[in-house]
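Here's the structure, in structure tokens; my notes come after.
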Amino acid sequence: MPAPRPTAEQAALAELRSPTCATTTQFFAAHVLEHTDGEPRVHGVVLDGDVHQVHFRPQGEDYFLVVMVRATPDGWDILGARASARARVALSIVSETLLAEDITRATGLDPTDAWSVGDKWTRPGRKPSRRTFTRWTLCPEGDHPGEFEDKLTRLLDLTQEAAPRIRALGATCDVNVTVGYRGYAKQMWGVPIERDDLSRLAALDAGLDIDLYAGGPALAEVP
């Protein structure tokens, strides 16, 4: 009986143990990865067409490093390595008068995180206090691996039907699509927005707040 075919994750791990691509050495030799049970931890696999993008995370960094592999009849082709930003894309609605449940009722959407004005709040090293405003957040993809533009499209898919109701809240609330983009300084990529998604952003009448962060060591030298 033939040996079972290795998975994309196993193919990527084998590439890390014995690099065959210069970009694998260039990106990964400069970093120490998070590990689980003695192996680099796989944070996720994103499929882009027929390419499996296996994501790893360096210790102490907010971005991902990716090994790209493609299935063949004989196993896996190693296509190379790259960096991928850790992107967080959310709809944020802030009010000094409405409660979180008021916003949930008005939009017809359930938040992924929320607090209300008047809620108790304890910060480390400080006396307990109360929230002075309400923040209602919908962030469907969280910090999981994935490209900014795909996460934005997913958010707009979820909010499209509710767009008129979200737009109406703009009279009394601060409505924004917020982006936290934490990338590798040596390969930052960008934040592209497709025409259709620009139209859907406009339909929300929401602001767009993008925070960019760049960090990490220099790339390793490749002979």
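Computed from the coordinates by the stated procedures, all read-outs in this text should not be read as laboratory data. Please read all numbers here as calculations on a predicted model, not as lab measurements. Here the Cβ is made from the backbone with ideal geometry for all residues, glycine too, and neighbour counts use every protein chain on show.
What order do you get for Ile210, Ile103 when you list them from fewest to most C-beta neighbours inside 10 Å? Before the final figure, lay out each step's value.
Values: Ile210 13, Ile103 25.
Lowest to highest Cβ neighbour count: Ile210, Ile103.
Quick one: helix 195-204 against the long Cα principal axis of the chain, what's the angle to the nearest 10°, folded into 0 to 90?
With rounding to tens, the tilt is 30 degrees.
What are the principal axis extents of the Cα atoms in the chain, in Å, biggest first?
Principal extents (largest minus smallest coordinate, Cα): 63, 45, 38 Å.
Nearest 20 debye, what's the magnitude of the dipole of the chain about its Cα centre given +1 on Lys and Arg Cβ and -1 on Asp and Glu Cβ? All intermediate terms of the calculation are to be shown ahead of the outcome.
Working: 24 positive and 32 negative charges, 167 e Å.
Rounded to the nearest 20 debye, it is 800 debye.
Please work out whether segment 8-84 counts as rounded, prolate or oblate from its C-alpha gyration tensor, where a ≥ b ≥ c are the square roots of the eigenvalues and a/c under 1.5 means rounded, while otherwise a/b larger than b/c means prolate and anything else oblate?
Numbers: a/c = 1.59, a/b = 1.50, b/c = 1.06.
The shape class here is prolate.
Which is farthest toward the positive dipole end of segment 15-58 among Ala29, Phe56, Val42, measuring Cα position about the Cα centre, with Cβ charges +1 (Lys, Arg) and -1 (Asp, Glu)?
Checking the options against the dipole of segment 15-58, the answer is Ala29.
Please go through segment 66-147 and write out the GluC sites (Glu not before Pro) that DSSP classes as loop and that have at most 15 other C-beta atoms within 10 Å. Could the numbers behind the result be given before it?
Numbers: sites: Glu96, Glu101, Glu141, Glu147; in loops: Glu96, Glu141, Glu147.
Here the GluC sites (Glu not before Pro) that fit, given the DSSP loop and packing criteria, are Glu96.
Rank Ala85, Ala168, Ala100 by mean-square fluctuation in a GNM of the chain with C-alpha springs under 10 angstrom and give only the top-ranked residue.
Ala168
For each of Glu15, Glu149, count neighbouring Cβ atoms within 10 Å of the residue's Cβ, then give the residues from fewest to most.
Details: Glu15 22, Glu149 16.
By the 10 Å Cβ count, ascending: Glu149, Glu15.
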